[in-house]
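The values are calculated or read from the model by the stated rules, or taken from the named source; none is laboratory data. As the structure is a prediction and not an experimental result, all values here were calculated from the model. Heads up, the Cβs are rebuilt from the backbone with ideal geometry, glycines too, and the neighbour counts pull from every protein chain shown. SASA here: full protein model, heavy atoms, side chains in, ligands and nucleic acids out. Shrake-Rupley method; radii C 1.70, N 1.55, O 1.52, S 1.80 Å.
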Amino acid sequence: MKIPYTWLQAYVDVTLSPAELADHLTMAGLEVDRVEYPWPGIVTAEIVHLERIKGSDHLSATRISTGSGPELSVVCGASNIHLHDRVPLAQLGAKVGALTIQTKRTMGVVSEGMLCSPRELGLSDDHAGILILPPDTPLGVPLGQVLGGAVIDLDIKAHRGDLFCMVGVAREVAAFTGRPLRPPSITLQEKGAAAGKLMKLTVEDAALCPRYTARVVRNVRMGASPVWLRDRLTAAGMRPINNVVDITNYVMLELGQPLHAFDYHRVAGHHIVVRRARAGETITTLDGVTRDLTPEMLLITDPEGPLVIAGIFGGERAEVSDTTTDVILEAAHFHPTSIRRASAALALRTESSGRFEKNPDVGLTTAAVDRAAQLIAELAGGQAAPGRLDAYPEPATRRVISFDTDQVEWLVGLRATPAEAAGALSALGFVVETEPGAERRLAVTVPTWRGDVEESADLVEEVARILGYDRIPATIPAGPLPEPPHVSWFERENALRDVLAGAGLTEIITYTLINRVSMARLLLDAAPEGERLLTAPALVPELGSGDTANPGKAGASVGAETALARGREEDQRLVEATAARLPAITLHNPLSAEMDVLRLTLMAGLLNVLRANEKHGEAGLWFYELGRRYLPTLALAAGTGLAEERRTLGVALMGPLAHAWDAADRAADFYDLKGVAERVLGALAIGAYRYVPVRHPTFHPGRAAALEIAMPMPEGTGAEGTSGDGAAASSSAVAAPPAWLRAGVLGEVHPQVAARWDLTGRPYLMELDLERLYAAIPERPRYRPVSRFPAVRRDLAVVVDRAVAEDAVAAAIRAAGGPLLRRLDLFDVYTGEAIASVKKSLAYALAYQAPDRTLTDAEVDAAQRGIVDALARAFGATLRA
């Protein structure tokens, strides 16, 4: 909001300079963006040398001083200048009208600037001589500061709609300076037939138009506005058009109420109808553009069709022109949300819509329409018809707040007497009365233009900022310091960044807002099981919710052959059908259709980044993201709670690792992804974990796994589980099975899903639930002393059915090996010659060690035989020859 300093002085006596006023406004809560001065490049200067140029009858050569820097040579043709006069100097590069000041030579004398007349400065039509400034004018100061033509640019926040006008800002200035406010005096001479007989008004939608006020002004003489009005509009950033339109804009800037003027004779039947747009309706607006309307938009119409998009922009059909003689003035109050939505849908923002979005004072309409009629009568010779039409079915009631003045000190530390509090509020337009029997308690009636004041805490803020925040004493906080947080996700995530950077990954950040279709592309079919996966904390079903390890029973994925054979159009229909049912949290008024929901997974954003980088020929796309997923909850659906936010780690790999010295040409595979997961688990000191085969609609069948972690058990329960390196985590002879919890999913992206993103490589994705991972970290790490006795190493190769899972064999070996088995590593899986086609060979490296002695061959042989016997019983395993 641009506030011309001289215009502001019409409503309040301001003795502060523009810069000082800007500081006071900022300290009172009205943030000043900048102070602009007119005549940039023109400064005050003194004539220190003056002589007539030989051969000229009117030109003089002068030397000009600005108080600092070298003196300048300026040629001047004015006859009213004298030695030591203070004058305005346009420096090199300054613009005076259409002229840009440059160095030039006149009659052999160099001129390095220009001395300005009042007409050249736009101050008057006087061009007889140079503008002579008072002799005590400081030198080298911008002329705008001296003549007071400053414009203060305020950054007004949306909740203070009352400040989008001159009178609103003047009220604030009067309050903190103690000066009286001088609002414009509205006196109107009415004449002729009553307005109610000259026009009709029908409001069909009072919800979107709570108030509509209209006046008729006749015998108007159209023409240009007076200079003072044009200058004020220009200084405030608006373009003068004609006297009637300029007056409506002037009143909007003065009082904050947008207005519109109709040509009375172009309104069919002289009947204004306020209604919603009908399907298929269009309007040609003042800029000549024909705009399509929707039933959600409010219109000002007549019986023949639309005249104005309510609160936003006028139409051509009833605009005032040079031939206009009678006008209808409109001042209305529209629902701010309706205006905002219509403005966004039409991509049309105006001064009017911006004010209506801030919910201006509903009580302003009558004063604004009367003020406009008064100015039209004064400046355009119009005659206001008696009375006005005012559709206001539900008048606003003023809010009354009981205010204990002791709250001022309690909330902000500023001591204010009841009289001071009452004075500050009264200066802002509040009606203040002392409550009976309580001298420190006030009954405060809130004016209609302050819809942001809802409770006593808001009144505390008003009192504090008017009395001055500088009155708040500086004190040291008392009382105990708050306890430091036990969990710092900031530190946790920073530590993870170091781990992931060490693994060769680059961090990316994607938007938490995404569109449904992008997430639906992750699912190969529209089965409800796939949709539910995206809302699971770890993106995979919990144990017991389905047989995900059995490919024959996986219902959330279709076969790869079927998916790849499906046509593009059919696939798009499937994606759209799935997107419509995704239980994502939807924004009511999104900025873009591409960002209309909160994400359920990070994987869609990761694939978007892979696609963008692959298109630019980038190789070695190893990315990670630390972000949040937003899962719907029953409380959110019921309107009693919020979404569940899950802190999540997403990883995407495609192509070779950019800095891999040992395998530069090898593309990433599942084991690279698994290695990243194990780096994270190792950094978090999580030793008990396992990978479980799963079928997931995003991943390639047979190339995906769920990561399960063993949750810590209470001390003394003997249920510590086993670690990923094969070491027994407890020496207890009888241990309860660990509680396994799924913490994420990882695997190769299904070819059909990759095709939806136009990826030519083989992408791999992983998503881990960080909250579950950190919950699995033991509160106290356990250590085991390193044995002083040597370990005995043996190899063991067994032949089992191909269907037997390796982790089941490893678990059986650990159980049979007992406390002497300290390490177990799988180093070979073999199928081929000398092995039956339905069999496979698993080769393990075993390490036996005791903490108190050197093991004998007999002890190791006995342990090895026990393992072989256990495998034979459990799996029918045989030793490989």
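Annotation note: chymotrypsin sites (Phe, Trp or Tyr not before Pro) in the range 162-216 located in DSSP loop regions with a Cβ neighbour count of at most 15 within 10 Å are absent. Look at the dipole of the range 353-467 built from charges on Cβ: of Gly363, Ala443, Leu389, the Cα furthest out on the positive end belongs to Leu389.
Ignoring aspartates and glutamates fewer than eight residues from Lys191 along the same chain, the ones with Cα atoms less than 16 angstrom from its Cα are Asp326, Asp370, Glu378. Note that the range 822-828 has calculated 3J(HN,Hα) couplings of 9, 8, 9, 9, 7, 10, 7 Hz, one per residue in order, obtained from phi through the Karplus relation 6.51 cos²θ - 1.76 cosθ + 1.60 (θ = phi - 60°); glycine and proline are x.
Note on Ser17: accessible area approximately 50 square angstrom, rounded to 10, probe 1.4 Å, nucleic acids and ligands left out.
Relative contact order, whole percent, for the range 755-881 stands at 33, derived from Cα pairs under 8 Å and 6 or more residues apart.
Compared with the dominant principal axis of the Cα atoms in the chain, helix 456-467 is inclined by about 50°. Using 0.36 nm per residue and subtracting the Cα-Cα separation, the extra length available between Glu304 and Ala638 on full extension is 115.7 nm.
Phi angles of the range 841-854 translate, via the Karplus equation with coefficients 6.51, -1.76, 1.60 and θ = phi - 60°, into HN-Hα couplings of 10, 10, 10, 10, 9, 10, 10, 10, 7, 10, x, 10, 6, 8 Hz per residue; Gly and Pro are given as x. What the phi angles of the range 245-256 give under the Karplus curve with 6.51, -1.76 and 1.60, with θ = phi - 60°, is a coupling list of 5, 4, 5, 5, 5, 4, 5, 4, 5, 6, 10, x Hz, glycine and proline written as x.
Short-range pairs are left out: with C-alpha atoms under 8 Å and at least six residues apart, the relative contact order of the range 208-251 is 35 percent. What is the distance in Å between the Cα centres of the range 176-200 and the range 208-261? With the range 176-200 and the range 208-261 each reduced to a Cα centre, they are spaced 14 Å. The distance from the alpha carbon centre of the range 815-879 to that of the range 755-780 is 33 Å, rounded to a whole number. Principal-axis analysis of the Cα atoms of the chain puts helix 603-615 at an angle of about 80° to the longest axis.
For the chain, a crude dipole built from +1 on the beta carbon of Lys and Arg and -1 on the beta carbon of Asp and Glu, taken about the Cα centre, is about 1160 debye to the nearest 20. If only the Cβ of Lys and Arg carry +1 and only the Cβ of Asp and Glu carry -1, the dipole of the range 63-116 around its Cα centre is close to 120 debye. For the range 586-655, the normalised intensity computed at q = 0.12, 0.20, 0.27 Å⁻¹ comes to -0.44, -0.91, -1.16 (log10 of I(q)/I(0), Debye sum over alpha carbons, equal scatterers, no solvent). The base-10 log of I(q)/I(0) for the range 81-170, evaluated at q = 0.21 Å⁻¹, reads -1.11 [Debye formula, identical scatterers on Cα atoms, solvent excluded]. For semi-axes √(5λ) of the Cα gyration tensor in Å, pick the label among (1) 76, 36, 31; (2) 47, 34, 26; (3) 52, 32, 27 that corresponds to the value derived from the coordinates. After the calculation, the listed value that fits is (1).
The apolar share of the surface of the chain, taken as the fraction of accessible area on carbon and sulfur atoms (1.4 Å probe, ligands and nucleic acids excluded), comes to 53 percent.
For helix 166-177, report the angle its Cα long axis makes with the longest principal axis of the Cα atoms of the chain; keep it between 0 and 90° and round to the nearest 10°. Approximately 90 degrees, to the nearest ten.
Cross-link pairs exceeding 32 Å in C-alpha to C-alpha distance, out of Lys157/Lys200; Lys674/Lys839; Lys157/Lys197; Lys2/Lys95; Lys54/Lys95; Lys2/Lys104, comprise Lys157/Lys200; Lys157/Lys197; Lys2/Lys104. On a per residue basis, the chain carries 48 Å² of accessible surface, using protein heavy atoms and a 1.4 Å probe.
Looking at the range 757-817, I'd like the Rg to Rh ratio, where Rg is from alpha-carbon atoms and Rh is Kirkwood's inverse mean 1/r. Working shown, then result.
Working: Rg = 20.0 Å, Rh = 17.6 Å.
Rounded to two decimals, Rg over Rh is 1.14.
Under a model in which nothing but the beta-carbon of Lys, Arg (+1) and Asp, Glu (-1) is charged, the range 413-492 shows a dipole of about 200 debye around its Cα centre. Peptides 235-244, 411-420 ranked from most to least packed by the mean count of surrounding Cβ atoms within 10 Å: 235-244, 411-420.
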